[in-house]
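Chemist: Next up is a structure, given as structure tokens.
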Amino acid sequence: MIATAAKPFTPARRVNDSLTASLEKRILEHLALHAPCWLTSDQLTLLGLAAQIAAGIFYALARYHRSALLLVILCLILNWLGDSLDGTLARVRSQQRPRFGFYVDHIVDCFGAIALMSGLAFSGFLHLPVAIAMLVAFLLLSAESYLATYTLSCFQLSTGIFGPTEIRLLLIIGNLALLRSPYSIVFGHRFFLFDIGGIIASICMFATAIALTLRHTAQLYREEPLP
């Protein structure tokens with residue numbers, strides 16, 4: 001049997017307009033250039049996933065020991081390191097595997113998000129429906145992004161000025177606030193701080209997913225009109 005050559009693959013154009021994108025890129029390139037030879041991008045991907053799962057576990061444990069929130073912060077930093085540095089390390093070393101990297105990175109993100117939101121749901125710092133809404137909104141927005149990457153050859157890493165790094169920073173700030181108190185007073189009523197943030201985040205993600213769906217559907221319709 002004669003082996004057939006693999007079809008050439010053209011990676012989608014990557015776009016990141018988030019607040020920290022420029023600074024983050026410089027930091028990641030510096031870390032990649034000075035990374036030890038034994039470190040691989042696959043190891044970093046596993047680190048990112050393990051750290052996100054651990055963050056979910058520590059969120060659940062924070063229900064009983066609020067100091068576990070400090071370990072969540074550590075896990076979020078490790079997740080950023082693994083999830084963000086793996087691709088940069090591969091590019092710096094000219095070891096890109098565009099199809100493998102794209103698929104593995106983003107299916108890992110989905111599993112990691114489920115672990116993180118599950119931990120939050122058991123943390124006692126927000127109500128279960130809010131955690132479910134956040135997870136569904138995130139997965140919907142992710143699905144739209146991946147479909148747009150395939151059909152439009154453009155991978156949008158950020159939504160407006162917010163990207164994964166900004167979300168991690170907001171979680172870290174929220175965790176520090178939880179160490180003081182899990183509640184917030186709004187119009188004289190006491191609510192869970194993370195309920196407020198989760199509801200706002202869910203509404204924004206759902207609205208963004210709908211807006212992007214309408215925009216990309218219109219764009220694809222113009223590019224592929226009925227005969």
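Chemist: Failed condition for residue 214, given (1) open to solvent by less than 40 Å² (accessible area, probe 1.4 Å); (2) at pLDDT 95 or above, with all others met?
Modeler: All conditions pass for residue 214, except number (1).
Chemist: Shifting gears a bit: Could you tell me how many of the residues in region 54-81 are within 18 Å of the chain's Cα centre (by Cα) and either modelled with pLDDT under 95 or open to solvent by 70 Å² or more (accessible area, probe 1.4 Å) (or both)?
Modeler: Residues that pass the stated criteria total 3.
Chemist: Would you call residue 163 farther than 30 Å from residue 215 by Cα and of a type in the set (Gly, Ala, Ser)?
Modeler: When the stated conditions are applied, residue 163 does not pass them.
Chemist: Do we find that residue 191 is at pLDDT below 95 and of a type in the set (A, V, I, L, M, F, W, C) in this structure?
Modeler: Yes, satisfied.
Chemist: Filter region 26-42 for residues that are in a helix (DSSP H, G or I) and either touching a residue at least 12 places away in the same chain (Cβ under 8 Å) or under 15 Å from the mean Cα position of the chain (by Cα) (or both); which is farthest from residue 167 (Cα to Cα)?
Modeler: Filtering region 26-42 for residues in a helix (DSSP H, G or I) gives 26-33, 41-42.
Subsequent filtering for residues that are either touching a residue at least 12 places away in the same chain (Cβ under 8 Å) or under 15 Å from the mean Cα position of the chain (by Cα) (or both) retains 28-29, 31-33, 41-42.
Working: 28: 18, 29: 21, 31: 21, 32: 23, 33: 26, 41: 23, 42: 23 Å.
Filtering region 26-42 for residues that are in a helix (DSSP H, G or I) and either touching a residue at least 12 places away in the same chain (Cβ under 8 Å) or under 15 Å from the mean Cα position of the chain (by Cα) (or both), the one farthest from residue 167 (Cα to Cα) comes out as 33.
Chemist: Just to verify a result, which residue in region 128-152, among those that are of a type in the set (S, T, N, Q) and buried (at least 16 other Cβ atoms within 10 Å of the Cβ), is farthest from residue 221 (Cα to Cα)?
Modeler: 142
Chemist: Please determine, by comparing only the residues of region 98-114 that are surrounded by 14 or more Cβ atoms within 10 Å (Cβ to Cβ) and charged (D, E, K, R), which one is nearest to the chain's Cα centre (by Cα).
Modeler: First pass over region 98-114, keeping only residues surrounded by 14 or more Cβ atoms within 10 Å (Cβ to Cβ): 101-102, 104-106, 108-110, 112-114.
If we keep only those that are charged (D, E, K, R) too, we end up with 105, 109.
Values: 105: 10, 109: 6 Å.
Going through the qualifying residues, I end up with 109.
Chemist: Right, another one. Considering (1) polar (S, T, N, Q); (2) open to solvent by 60 Å² or more (accessible area, probe 1.4 Å); (3) closer than 22 Å to residue 194 by Cβ, say which one residue 16 fails and leave the rest.
Modeler: (3)
The values are calculated or read from the model by the stated rules, or taken from the named source; none is laboratory data. The model shown is predicted, which means the values in this text are computed figures rather than measured ones. For neighbour counting, all protein chains shown are included, and Cβ atoms are generated from backbone atoms with ideal geometry for every residue, glycine included. Quick note on the areas: whole protein, heavy atoms, side chains included, nothing else; ligands and nucleic acids left out. Shrake-Rupley method; radii C 1.70, N 1.55, O 1.52, S 1.80 Å.
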